[in-house]
Every structure is written in structure tokens, then in C-alpha cells.
Amino acid sequence: MTAPYVKHDIQDGISTIEFFHPAHNSLPGDLLAKLTDAITHAGENDAVKVIILKSGGDRTFCAGASFKELVSINDPETGRIFFSGFANVINAMRKCPKFIIGRIQGKTVGGGVGLASATDYCMASKFASIKLSELNVGIGPFVVGPAVERKLGLTGMSQIAIDANSFYDAKWAQQKGLYASVHESSQALDTAVQLFAENLCAYNPEAMAEMKKVMWAGTDHWDTLLADRAVISGRLVLSDFTKKTLKTFK
């Protein structure tokens, strides 16, 4: 079984950041930290004009947070640290001065929907359905909620957050504004992502950086907001309801 990784490379101004975990690309704390660092460093690298964020494998873009780590939380501080992982990645993405293209090849759940929502331009395959499953286990999409709401609007975010058992297909996500385009296969998606990234490399980097500032205006408080949300999730994961529910999933 392939070991988990975060890897990145730069070719012709395009930085490709790829993550992988054998458990459906779920993300434990160490991979989230590496992903945060990779995005931050790419943003600081003058050789990088645009970033592609993708995951390994074909079936799942990201299954969210690591279930193994989730069930092992036994105190509020550990819970806060655990849920801060996705907060750190999302904040790194919004602060990055380079456009980030999301390549979503398959199903994405929970925190994975947050990552897709935090990209600046998201492209998907027709298999890239989404689900916010947090309420189903007694928590709630508190940390990723602001990023998801920013893309889907409050109505769209509320719909999938409350209907925590259902996947919503890629066309629905496109209609709501999460995906800019939906493609028939991973191969077609890869071709479209690469072509789009190459086109962006021909643009003025200063203009793209200024445009990104405008696009993310009004989110300067997210460092505090997402940290506060991590505290809420860290508290709820210790509730009797959530502990009991998590045991049924085990």
C-alpha cells in the first residue's frame, strides 16, 4: 500500500502540489501541516506563477479529516489542534498571492469540500460529488463553513450541511458556483487543468496578485474566525453524542 505523501514540483511556472493518503485521501495532522507549508512556500517562490492543487488516485479527491485521529481525541486542546489543521490550510490558500487551481477528480467529503472551496478556480470530473458529513457524527462543518459559504452561498452551504447524509453531484456543485467546469473523465480534466494553468502563466503576475486580494477581500478576520471554529469542533467531538456515534462508525 502506498505511503501517505505531500509532494510538489515546478515546471514552466506551474507548481503542482499533490497529496495522498491510502484511506481515501483523508488528511491527518502531519499531512495538513505539510500541505500548509507547500502552499505557503509556493506562494513565496518567484518562479511560481500559478498553483495546481490535486490529490493522488482516481476515486476520491479527499475524504476529509483522519478518522483515526478524530476518534483518539480525549481533551479540548487536542481537539482544537486537530481541527486547526484544515483551518491552517485554508488560511494559507487565501493568503497565497498566486492563483490556486483545484483539480477535483472524485468524491470529496467534509474538509475536502473546504479545500475545494478555498481554491481560486476549481475544475472537476463528473464523478466529483460533494458531501458535508460533519453533522452526521455530531460536530458540524464549522472550520470549513466560511470557505464553503463563500463559494456556494449561505443557502447552498446550509443545504449540504444540514443534509449530511447525501452526496450532491458535480453538476449541482457547478450550478452553485463551486466548480467552474465539469469534465467527462480524469484524463479530460487533466488536459483542461493543464491548458488553463498554462494560459494563466501568460498573465501579469502582479495583476493576478492584486486580483486575488480583491477576490478575498473581507476575509482578513479568518485567522481568528477559523481558530474559534476549531475550538467549537474540539469541544463537540468530546460530547457524549459524538463519542457514541463515532463508536458505531468504528
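Only the coordinates and a few stated rules stand behind these numbers; no lab work does. Everything numeric in this text was worked out from a predicted model, so none of it was measured. Heads up, the Cβs are rebuilt from the backbone with ideal geometry, glycines too, and the neighbour counts pull from every protein chain shown.
Looking across VAL50, VAL6, VAL71, one residue alone is touching a Phe, Trp or Tyr at 6+ places or on another chain (Cβ under 6 Å) and in contact (Cβ under 8 Å) with a residue 40 or more places away in the chain. It is VAL50. Free of Cβ contacts under 8 Å to residues at least 60 places away in the same chain, surrounded by fewer than 20 Cβ atoms within 10 Å (Cβ to Cβ), in contact with a strand residue (DSSP E or B) (Cβ under 9 Å, 6 or more places away or on another chain) and not in a loop (DSSP other than H, G, I, E, B), is that true of LYS34? Against the criterion (free of Cβ contacts under 8 Å to residues at least 60 places away in the same chain, surrounded by fewer than 20 Cβ atoms within 10 Å (Cβ to Cβ), in contact with a strand residue (DSSP E or B) (Cβ under 9 Å, 6 or more places away or on another chain) and not in a loop (DSSP other than H, G, I, E, B)), LYS34 qualifies.
Among the residues of the stretch 40-58, none is identified as farther than 15 Å from CYS201 by Cβ, surrounded by fewer than 18 Cβ atoms within 10 Å (Cβ to Cβ) and aliphatic (A, V, I, L, M).
Check the stretch 148-157 and report whether any residue there is without any contact (Cβ under 8 Å) to a residue 12 or more places away in the chain and either more than 30 Å from GLU206 (Cα to Cα) or not charged (D, E, K, R) (or both). The answer is yes, given that some residue of the stretch 148-157 is without any contact (Cβ under 8 Å) to a residue 12 or more places away in the chain and either more than 30 Å from GLU206 (Cα to Cα) or not charged (D, E, K, R) (or both). Taking the criterion of being among the aliphatic types (A, V, I, L, M), closer than 23 Å to GLY110 by Cβ, in contact with a helix residue (DSSP H, G or I) (Cβ under 8 Å, 6 or more places away or on another chain) and crowded, with 17+ Cβ neighbours inside 10 Å, the residues of the stretch 174-214 that qualify are LEU178, VAL182.
I want to confirm something. Restricting to the stretch 96-127 and keeping residues that are among the aliphatic types (A, V, I, L, M) and outside any strand (DSSP E or B), which single residue is farthest from ASN25 (Cα to Cα)?
This residue is ALA118.
Where helices (runs of 4 or more DSSP H) fall entirely within the stretch 175-242, those with at least 1 residues that are over 22 Å from MET93 (Cα atoms) and basic (Lys, Arg) are at 222-236. I'm checking my understanding of the structure. Among residues of the stretch 222-250 that are surrounded by 18 or more Cβ atoms within 10 Å (Cβ to Cβ) and in contact with a Gly (Cβ under 6 Å, 6 or more places away or on another chain), which one is nearest to PHE86 (Cα to Cα)? Filtering the stretch 222-250 for residues that are surrounded by 18 or more Cβ atoms within 10 Å (Cβ to Cβ) and in contact with a Gly (Cβ under 6 Å, 6 or more places away or on another chain), the one nearest to PHE86 (Cα to Cα) comes out as GLY234.
Here's the yes/no breakdown for (1) in contact with a Leu (Cβ under 9 Å, 6 or more places away or on another chain); (2) not polar (S, T, N, Q):
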site	(1), (2)
VAL6	yes, yes
LYS34	no, yes
THR40	no, no
LEU70	yes, yes
